[in-house]
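Working notes for the structure below.
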């Protein structure tokens, strides 16, 4: 009787594994090393309200800009806290807090995406893929609604959305300029003491 049970359990387990593998093959996304795979992962992430997961599918320059924003805001916050008088200290620390305290670039992306409407912009236009055009390191995904999304192949082979790169790079440049102003003012405050 126990041998029969073991065989039955083994057969049931094998059937479940086969069923799971079949389901997974049918429902799998294309790889994210294709523009369609990257686009579908962005759409899925937004569909399940996980905008942080979209960060992995931004192009390299956008990701680097998000980390740059975090690093400059963190340095500026530390300098403000050490050298600025009140009420300027509190005002600037509050202004920089979200990005200065970010764990990584993905947190900066999520904050900007929520505050500047990036997520709403994507959700409004996401739909099924009508066609994909690839030209070298660049690709365009055209949706069923006619919206076109530009992607660039990243260094790791994953395709990255370019839609928000300019805004992220501009914010990183602003953070760098702000850091320069904060440093100069901090030196002035220290000399005045």
### Task
Among residues belonging to the stretch 25-43 that are touching a helix residue (DSSP H, G or I) at 6+ places or on another chain (Cβ under 8 Å) and either free of Cβ contacts under 8 Å to residues at least 12 places away in the same chain or surrounded by fewer than 17 Cβ atoms within 10 Å (Cβ to Cβ) (or both), point out the one that is farthest from residue 156 (Cα to Cα).
29
### Conditions (1) buried (at least 18 other Cβ atoms within 10 Å of the Cβ); (2) under 23 Å from residue 70 (Cα atoms); number of the one not met by residue 153
(2)
### Task
Within the stretch 117-139, track down each residue that is loosely packed, with under 15 Cβ neighbours inside 10 Å, out of contact with any strand residue (DSSP E or B) (no Cβ under 6 Å at 6 or more places or on another chain) and more than 19 Å from residue 47 (Cα to Cα).
135, 136
### Task
Go through the stretch 104-148 and give me each residue that's touching a residue at least 60 places away in the same chain (Cβ under 8 Å), closer than 22 Å to residue 49 by Cβ and more than 16 Å from the chain's Cα centre (by Cα).
126, 129, 141
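Quick check on this structure: which one of 96, 57 is buried (at least 19 other Cβ atoms within 10 Å of the Cβ), within 30 Å of residue 191 (Cα to Cα) and within 20 Å of the chain's Cα centre (by Cα)? I'd like the intermediate steps shown before the answer.
Numbers: 57 fails: within 30 Å of residue 191 (Cα to Cα).
Answer to the selection: 96.
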### Message
Against the conditions (1) free of Cβ contacts under 8 Å to residues at least 60 places away in the same chain; (2) touching a helix residue (DSSP H, G or I) at 6+ places or on another chain (Cβ under 9 Å), where does residue 87 fall short? Just the number, please.
### Response
(2)
## Note on the structure
Looking across the stretch 128-139 at residues that are at pLDDT 95 or above and touching a helix residue (DSSP H, G or I) at 6+ places or on another chain (Cβ under 8 Å), the single one that is nearest to residue 61 (Cα to Cα) is 139
### Task
Name every residue in the stretch 76-93 that is surrounded by fewer than 17 Cβ atoms within 10 Å (Cβ to Cβ) and closer than 15 Å to residue 176 by Cα, in order of residue number.
78
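The values are calculated or read from the model by the stated rules, or taken from the named source; none is laboratory data. Just so it is clear, the model here is predicted, and its values are computed rather than measured. Don't worry about glycine lacking a Cβ; one is built from the backbone with ideal geometry, like all the others, and counts go over all protein chains shown.
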